[in-house]
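Only the coordinates and a few stated rules stand behind these numbers; no lab work does. Because the structure is predicted, anything quoted here is derived from the model rather than measured. Ideal geometry is used to build each Cβ from the backbone, glycine not excepted, and the neighbour counts take in all protein chains shown.
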Amino acid sequence: MQRSNVRTDLASEVVQRPENASLAGLELNEERICGCRVTAVKINDGEASKVLCKPIGNYLTLELDEYIRRRENSFSDAANALSQLMRRFAEIQNAQSFLVACLGNRAITPDAVGPEVSDSLIVTRHLKQSLPQEFAALSSVAVLRTGVLGTTGIESAQSLKALCGLIQPDCVIAVDALASGELDRLCRNVQICDSGIAPGSGVGNDRAELNRESLGVPVIAVGVPTVIDAAAFCADESAAGLFVTPRNIDELVRSVSKLVAYGLNLALHPGLSIADVDMLVE
């Protein structure tokens with residue numbers, strides 16, 4: 001039995017809970033892109049933000065059911081859908097240079113989405129600086145694997161703020177693992193939002209927020225739910241705060257992280273195709 005008070009990072013999940021059905025100050029729409037279901041949530045005012053515990057902003061959730069079932073062409077369809085959703089944000093459309101912040105801890109599989117995504121990103125900042133004419137068709141992309149406070153001694157927000165001051169990107173894209181309140185969303189949804197992200201908030205380990213106010217540049221957050229609070233399906237109150245993940249989480253994280261990376265590559269370098277990305281990252 002799922003409960004309405006279970007922690008979740010997904011706006012599309014929390015707005016569909018019965019107690020929020022008549023809440024003013026938000027918009028909810030659904031559509032299909034490249035065969036994938038997309039839920040769009042827009043939180044318009046402070047009252048809705050307070051009730052939903054989500055910052056004001058736009059939240060797009062891409063469902064990956066067809067990809068999980070390995071339907072023919074589902075990888076390219078989902079990657080292209082993710083790319084199209086990313087480019088709906090003016091912060092992406094208007095930017096020429098990007099810093100992709102890959103958050104998380106590679107040593108803990110459910111938290112390894114960011115590091116895994118970084119392995120398949122096309123990094124170009126150094127190339128555009130040394131050979132600007134040859135790489136004029138590509139955007140400037142730099143990647144930072146921030147690690148976690150326990151292994152670096154540095155808050156992700158601190159290292160990112162310092163790096164933003166140094167390289168001055170037009171936009172930061174923060175990639176991280178999230179928490180869900182529904183089992184069937186684990187590694188099956190990708191959320192994109194323009195309100196930033198608070199690393200660790202999904203599991204109650206809130207760190208400094210990454211947003212326009214803290215970094216001085218627009219922040220687009222991309223997240224994949226990999227864990228669920230056991231209280232969502234366990235009547236034992238002592239289970240609250242115990243987070244559960246699928247037994248095949250290794251395979252799921254690798255698979256969805258590659259998909260997210262390809263979607264980002266297509267969004268940040270709109271002249272590339274799936275075949276181009278294959279050639280450049282494999």
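Cross-link partners of LYS50 among lysines, defined as those whose alpha carbon lies under 19 angstrom from its own and excluding same-chain residues fewer than eight positions apart: LYS42.
Amide H contacts of LEU26 (H built 1.01 Å from N, in plane; Pro and chain starts excluded): ASN44 sit under 5 Å, all sequence-distant by 5 or more or on other chains.
Between the residues GLN133, GLY150, ALA78, the greatest Cα displacement towards the positive end of the dipole of the chain, with unit charges on the Cβ of Lys, Arg, Asp and Glu, is found for GLN133. Within straight-line reach of LYS258, meaning a Cα separation under 25 Å, sit the following lysines at least 8 residues removed in sequence or on another chain: LYS128. Taking only alpha carbon atoms, the stretch 30-151 gives an Rg to Rh ratio of 1.02, where Rh is the Kirkwood radius.
Net charge dipole, the stretch 11-281: roughly 540 debye, given to the nearest 20, about the Cα centre with Cβ charges of +1 for Lys and Arg and -1 for Asp and Glu.
When N is the residue count of the stretch 102-159, what does its C-alpha Rg come to as a fraction of 2.2 N^0.38 Å?
Working: Rg = 14.2 Å, N = 58, 2.2 N^0.38 = 10.3 Å.
Taking N as the residue count of the stretch 102-159, the ratio is 1.38.
In terms of Cα atoms, the Rg and Dmax of the stretch 62-109 work out to 14.3, 36 Å. Take the Cα radius of gyration of the chain and divide it by 2.2 N^0.38 Å, N being the number of residues; the result is 0.97. With a Förster radius of 41 Å applied to the C-beta separation of LEU166 and ARG87, the computed FRET efficiency comes to 0.95.
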